[in-house]
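Only one structure is covered here, and it is reproduced in the block below.
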Amino acid sequence: MADNTTYILPRDAPEEERLNFQHALLTKTFGGLYRAPLDPSHVRRVLDIGCGTGNWAIDYAKQNPNAQVIGFDVTGSPEWNTAPPNCTLIEANGEDDSAWVSFGDKFDYIHARLIVVSIRNWPSLFEKISNHLTSGGWCEIQDLQFPTHCLNGSTSAESKVVAWGHLMSSGMRKFGLDPNAINHFPQQMQHVGLVNAKTDEFKMMSGPWADTEHDRELGQMGNKNFHMGFRGFTTTVMKGAHGFSDEQVEDQVRGVLEEIDTLKFRTYVPLKVVYAQKS
Ligand SMILES: C[S@@+](CC[C@H](N)C(=O)[O-])C[C@H]1O[C@@H](n2cnc3c(N)ncnc32)[C@H](O)[C@@H]1O
């Protein structure tokens, strides 16, 4: 059953392994951990919302030993034990006001990545972010936008990945999630007093179909990420929102994974980074 409380992805050991692999894919795609024009020497306090295994927060803390980094997630991870002394990882719910009070002083940089699968009330989250940013501090959200796209033009209607992307999009809505949320971030950020919003656009490619070697390498990693995670991406939404049986889910998984390996369709999930600054 689709409802407004379910987390639509798994949160088990294989998913943790996939999140760590995806971390490598994303930092390679973005050319680093962040896109906002930070001056790291002035960034003393950093917050990572929905930090998962803590991979991003731990790397930021290691690269910036003078910064104090807090990461939080509703679910803990064994990997949090590997955090350096300047990185604190805690269990908390980002939609809960009291959790934010417990984070203490304001932050110079607030980051979140791939949480459109979980946040239902974005205006409220941006209000919390704005209230906890120092003047001149930056907020940055790195996330996916559904449905999937395909560069093959009119033939894309035949693609199983494209068909899946549409089902995922309508299914997320039934779970109270906005698959297109990232496109509203610039206006929502402006509404809470964040200025100079900028969006950088990338692709999470389903295979190595691109023209340049760099992008083919990213596509190869994207393909592996799909193979590692696809059953987990789709099961809850297809069953809960579209009434799929186990067999229908397995057919979809098989069809999509076979298709991405053929490179017949140049499919990708749009990946965007939106950042803005507290006035
Ligand atoms: C797709 S994972 C991304 C994890 C991490 N940001 C990354 O990029 O590797 C989304 C994470 O958000 C967490 N999450 C979901 N709802 C949350 C909430 N309300 N507050 C904090 N974390 C949440 C989930 O437990 C999960 O670890």
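The values are calculated or read from the model by the stated rules, or taken from the named source; none is laboratory data. Keep in mind that this is a model prediction, so the values were computed, not measured. Counting neighbours? That spans all protein chains shown, and the Cβs are built from the backbone with ideal geometry, glycine included.
A few remarks follow.
Yes/no matrix, rows are residues, columns are (1) in contact with a Lys or Arg (Cβ under 7 Å, 6 or more places away or on another chain); (2) among the β-branched types (V, I, T); (3) not in a helix (DSSP H, G or I):
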{"residue": "G76", "(1), (2), (3)": "no, no, yes"}
{"residue": "W100", "(1), (2), (3)": "yes, no, no"}
{"residue": "G104", "(1), (2), (3)": "no, no, yes"}
{"residue": "Y109", "(1), (2), (3)": "no, no, yes"}
{"residue": "A112", "(1), (2), (3)": "no, no, yes"}
{"residue": "I115", "(1), (2), (3)": "no, yes, yes"}
{"residue": "I119", "(1), (2), (3)": "no, yes, yes"}
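- Looking across segment 228-254, the residues that are part of a helix (DSSP H, G or I), of a type outside the set (A, V, I, L, M) and surrounded by 15 or more Cβ atoms within 10 Å (Cβ to Cβ) come down to G229, F230, R231, G232, F233, T234, T235, T236, K239, G240, H242, Q252.
- Subset of segment 101-113 [crowded, with 20+ Cβ neighbours inside 10 Å and either within 14 Å of the ligand (Cβ to nearest atom) or closer than 28 Å to F175 by Cβ (or both)]: I110, H111, A112, R113
- Flag if W80 is in a helix (DSSP H, G or I), among the hydrophobic types (A, V, I, L, M, F, W, C) and without any contact (Cβ under 8 Å) to a residue 40 or more places away in the chain: yes
- Residue pairs meeting the criteria (Cβ under 6 Å; at least 6 apart or on separate chains; first more than 15 Å from C51 (Cα to Cα), in segment 12-32; second more than 9 Å from the ligand (Cβ to nearest atom)): L25/M221; L25/N225; T29/F202; T29/L218
- Of the numbered criteria (1) of a type in the set (V, I, T); (2) outside any loop (DSSP other than H, G, I, E, B); (3) modelled with pLDDT of 95 or more; (4) out of contact with any strand residue (DSSP E or B) (no Cβ under 6 Å at 6 or more places or on another chain), the one T53 fails is (2).
- Any hit, segment 16-32, residues being more than 22 Å from M228 (Cα to Cα), within 15 Å of the ligand (Cβ to nearest atom) and modelled with pLDDT of 95 or more: yes
- Those residues of segment 37-82 which are within 16 Å of the ligand (Cβ to nearest atom) and among the small types (G, A, S), in sequence order: G50, G52, G54, A57, A61, G71, G76, S77
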